[in-house]
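To keep things clear, I will list the structure first and then write my remarks on it.
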Amino acid sequence: MNGQTIKILIAMIIYMAVVIVIGVVCAKRANKSSENYFLGGRSLGPWVTAMSAEASDMSGWLLMGLPGVAYWCGLADAAWTAIGLAVGTYFNWLIVSKRLRRYSVRANNSITLPEFFSNRFREKNKIIMTLAAVFILVFFTVYASSCFVTCGKLFSTLFGAPYIAMMIIGAIFVLLYTILGGFLAESVSDFMQAIVMIIALTVIVAIGVVKAGGFGAIIENAKAIPGFLEFFGMATPALDEAGKQIVEAGKPVFAAPRDYGILNVCSMLAWGLGYFGMPQVLLRFMAIRKEGELKASRRIAMVWVVISLAVAVFIGILGRQLFPVEHLTASSAENIFITLATSSLPAILAGFVMAGILAATISSSDSYLLIASSAVAKNIFQGVIKKKATDKQVMWVTRITLLVIALIAILIALDENSIIFKVVSFAWAGFGATFGPLMILSLFWKRTTQAGAIAGMVGGAGMVFLWKLVISKLGGAFAIYELLPAFIFSLICIVVVSLLTPKPSKEIEEDFEAVKKGIEA
């Protein structure tokens, strides 16, 4: 390592030490009970609720995946995705948050998403709980792998070390931290990490704009690339036989731009639908200390989201001006933020900005690991297998599950050519289609039945796999993002099956009406 790399490493170690201290401080309280470990004892304030929800949601995808898309093929894909996410964030906070907070208490003080769905329908056979836990386990394992890919790319790019070794080291750090402190530590540190992330983004943009000669020069460079700065067109890098972008006279070569029609726009806007089924966000709604504080949380969250998404997209466009031939594959393009930071800042500051990427990754992967392990320990082990399991036994199963999930996620992340944006998009679609329609109808449609809920989850998850692996290969209109058709199919399944099966019991309807009137328990 040279002197600059050592300084970057020192800054990152300082950051990680702060994160570990937070885990140690929160560990004593977190380990008092499973409710404290999994939901922080419903004690989160509005600022921690808002910032931790968004930080855990965005992950390293915000600092690497989204800028990488903008760098590689221009504005359209990245911008429409960002718009969809911002709109989805707003309506999730506006429509879902208050009623879910209230209903989760009414539904026997539910502390996990599978438990809420199960208690909402007062099921005795625990089918919904088991299915929900299994789907969470599957999709969060994929999600966690995307975070480990981010760690691997970050450390291997910075330190010139082998990707696999760096990815495993990052995974071990995240795993130890999650085991230590649970949900409360995760949420408090996510609050700090959200601040680090937005500072890192804005600092890089401010310095980069000056270095590039101002906004005018950046925009003019982008306009010179066919389709790069269009909302209804997409730049197409010209590739050689090895799959790398062709460079001529020191400049990247682009083929004729592709059309970007209404189906493409709808496909990217559909990212917003995913929020209604995101466990890591929905849990924050359940964990806030007072329902009345959700309005303040919504405002805080929206400011953070809009600024962060806009800046992340702009970083990709800025990167094309400053480093036009630095990254010649879609996978490599996701390192543009790292390149900008290390080339523009003094080593110590670059280290703290790199900690922004680490912050984003930790804030998401700890959420994914914790929620997935709680689904197994709390909902399958205690909910189905051993109903009289003690809190201590549940905590042990949680930690064993964490290890198993992390190992599987590491295996998935072994391919260093993985594109973070694509890995995240599949898991995002899985959650959005599996739980989104069910969450909305569970909260707002009294006629929803247990059978309808089961049909919606299975139909939504199944359609994500079917569309992604089979139907999308047909091309054309069928190449849209799998979340949109799967979300619609899940809605149809819930409505049709609910109408074809006996209406819910009197007790379930009374719960629904009580929540509607603002009564928790």
message: Tell me which of Leu63, Gly84, Asn109 sits at the most positive position along the dipole axis of the stretch 48-122, charges placed on C-beta atoms (Lys, Arg +1; Asp, Glu -1).
response: Asn109
task: Could you state the accessible area per residue of the stretch 243-385 in Å², with a 1.4 Å probe and every protein chain left in place?
output: 31 Å²
field: Estimated vicinal HN-Hα couplings, Hz - the stretch 275-288 in sequence order (Karplus 6.51, -1.76, 1.60; Gly, Pro = x)
entry: 4, 5, x, 7, x, 5, 7, 4, 5, 5, 4, 6, 8, 5
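Sequence gap at least 6, Cα distance under 8 Å: using those rules, report the relative contact order of the chain to the nearest whole percent.
Details: 947 pairs, mean separation 157.6, N = 521.
Reported relative contact order: 30 percent.
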statement: Listed by chain and number, the residues whose amide H is under 5 Å from that of Ala255, excluding neighbours fewer than 5 places away on the same chain and using placed H, are Thr236, Ala238
Integer Hz, Karplus 6.51/-1.76/1.60 couplings in order for the stretch 92-108, x for Gly and Pro: 5, 5, 6, 9, 8, 4, 5, 5, 5, 4, 5, 5, 5, 6, 4, 7, 6
- prompt: In degrees between 0 and 90, to the nearest 10, how far off the longest principal axis of the chain does helix 506-516 point, with axes built from Cα atoms?
  reply: 50 degrees
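Suppose only helical runs count, i.e. DSSP H with n ≥ 4. What mean residue ellipticity at 222 nm does that imply for the chain under -39500 (n - 2.57) per run, divided by all residues and rounded to the nearest 500 deg cm²/dmol?
Values: 21 runs with 367 residues, N = 521.
About -23500 deg cm²/dmol.
What relative contact order, as a whole-number percentage, does the stretch 285-394 give when Cα pairs under 8 Å and 6 or more residues apart are counted? Walk me through the numbers before you get to the answer.
Values: 25 pairs, mean separation 12.2, N = 110.
Worked out over the stretch 285-394, it gives 11 percent.
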message: Within 10 Å, at most 14 other Cβ atoms, and a DSSP state outside H, G, I, E, B define an exposed site. Report the longest part of the chain free of exposed GluC sites (Glu not before Pro).
response: 242-519
field: Nearby aspartates and glutamates by direct alpha-carbon distance to Lys392 (threshold 18 angstrom, same-chain neighbours under 8 apart not counted)
entry: Glu35
message: Output the 0 to 90 degree angle, nearest 10, between the alpha-carbon long axis of helix 420-444 and the longest principal axis computed from the alpha carbons of the chain.
response: 30 degrees
message: For the pairs Lys7/Lys153; Lys124/Lys503; Lys295/Lys422; Lys295/Lys516; Lys378/Lys517, flag any whose C-alpha to C-alpha distance is greater than 24 Å.
response: Lys295/Lys422; Lys378/Lys517
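Can you figure out the FRET efficiency of Arg258 with Phe465, using R₀ = 30 Å and their beta-carbon distance, to the nearest 0.05? Don't jump to the answer; show the numbers that get you there.
Numbers: r = 27 Å, r/R0 = 0.89.
Rounded to the nearest 0.05, the efficiency is 0.65.
Over the stretch 356-451, what percent of the accessible surface lies on carbon and sulfur atoms, probe 1.4 Å? Don't jump to the answer; show the numbers that get you there.
Details: 2220 of 3250 Å².
Within the stretch 356-451, the accessible surface is 68 percent carbon and sulfur.
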message: Exposed loop sites here are trypsin sites (Lys or Arg not before Pro) in DSSP loop states with at most 10 other C-beta atoms within 10 Å. What is the longest stretch of the chain lacking them?
response: 125-386
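The values are calculated or read from the model by the stated rules, or taken from the named source; none is laboratory data. All values reported here derive from a predicted model rather than from experimental measurement. As a convention, Cβ positions derive from the backbone with ideal geometry for all residues, glycine included, and neighbour counts pool all protein chains shown. All accessible areas refer to the heavy atoms of the entire protein, side chains included, with ligands and DNA or RNA removed. Shrake-Rupley method; radii C 1.70, N 1.55, O 1.52, S 1.80 Å.
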